[in-house]
Amino acid sequence: MAANGARLLLRNVSVRYGALTALDSVSLEVQAGEAIALVGPSGAGKTTLLKLFNGAVRPSTGEVSVDGRILAALSPAELQQVRADTGFIYQDLNLIPNLRVIQNIVTGRFGRRSLFGSAVDVLLPSRSTARAVYRVLEQVGIEEKLYLRTDMLSGGQQQRVAIARALYQQPRALLCDEPVASVDPLRARAVLALLKKLSEDNGLTLCVSLHHLELAKEFFPRLVAVRNGRILFDKKPDAITDQEYTEIYRLTHAAENNNGEPENTHQ
């Protein structure tokens, strides 16, 4: 695993989709090895913010940099390296259900392998590859599932496969988009505790978007609240006022307009 995390920086970044502004003049710095939670209602801009850091979304204005390197100035090969160094756990997991666990996990290193090497890893994983995947699965507690089809696993086990795939990527930063949005509170706490432990053990920078404010307060030393594409506050949990907490909850209930449609369809 990586020995140290990546430093992530947004400087006056805006993202626009036609007439819609997903992010508006956002500046945010995440230090190497730091763990932060992005909180706010659906459509606030959290997912867009996370995707800026791995180059999946490009800013309309402003700069995105990783370890001091501005992504817009990188060559395609250099940008691919940044993406390889950045693990992304999607809300819907993005697993291939009819493949075995080992096959899903080896896709995590596609950004570091040739097309031929990637195909061989999926179709005929070597013993050394199997051992490496097994060691990653040990970290998430499901090593015995190595050769099972992914669609035979429970929802919680599939979440751990997605986490293992990101770890197998050997990232320096781990970006997680609402990883506990569809699970019960007990499982949510287990997943967040696992993510925190893995990031600390491996020295990774961790950015997690969450709807659940109480979980964010429990697990993260820094909360960044996002509303309508802007940062509402960026503080330690114990420095946030009751009024600010109330504002986040109010936003959660106000995330739909009078027609029941989301205010902002791009997160």
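Observations
- Extension gain for Ala32 to Ser182 (0.36 nm times residue separation, less C-alpha to C-alpha distance): 51.1 nm.
- Rule-of-thumb Rg ratio for the chain [Cα; 2.2 N^0.38 Å; N residues]: 1.01
- Percent breakdown of C-alpha pair distances by 5 Å bin, ordered from the shortest bin, for segment 92-170: 3, 18, 32, 28, 15, 4, 0
- Each label was represented as a point 7 Å from its Cα along the Cα-to-Cβ direction; for Ser75 and Tyr134 these points are 4.0 nm apart.
- Compactness of segment 5-143 as Cα Rg over 2.2 N^0.38 Å, two decimals: 1.21
- Taking 0.36 nm per residue of sequence separation and removing the Cα-Cα distance, the Ala56/Ser126 pair yields an extension gain of 22.1 nm.
- 222 nm mean residue ellipticity, helices alone, for the chain (DSSP H n ≥ 4; -39,500 (n - 2.57); rounded to 500): -11000 deg cm²/dmol
A short reminder: the numbers here are calculations on the coordinates, not readings from a lab. None of the values given here were measured: they were computed from a predicted structure. When we count neighbours, we look across all protein chains shown, and the Cβ atoms used for this are built from the backbone with ideal geometry, even at glycine.
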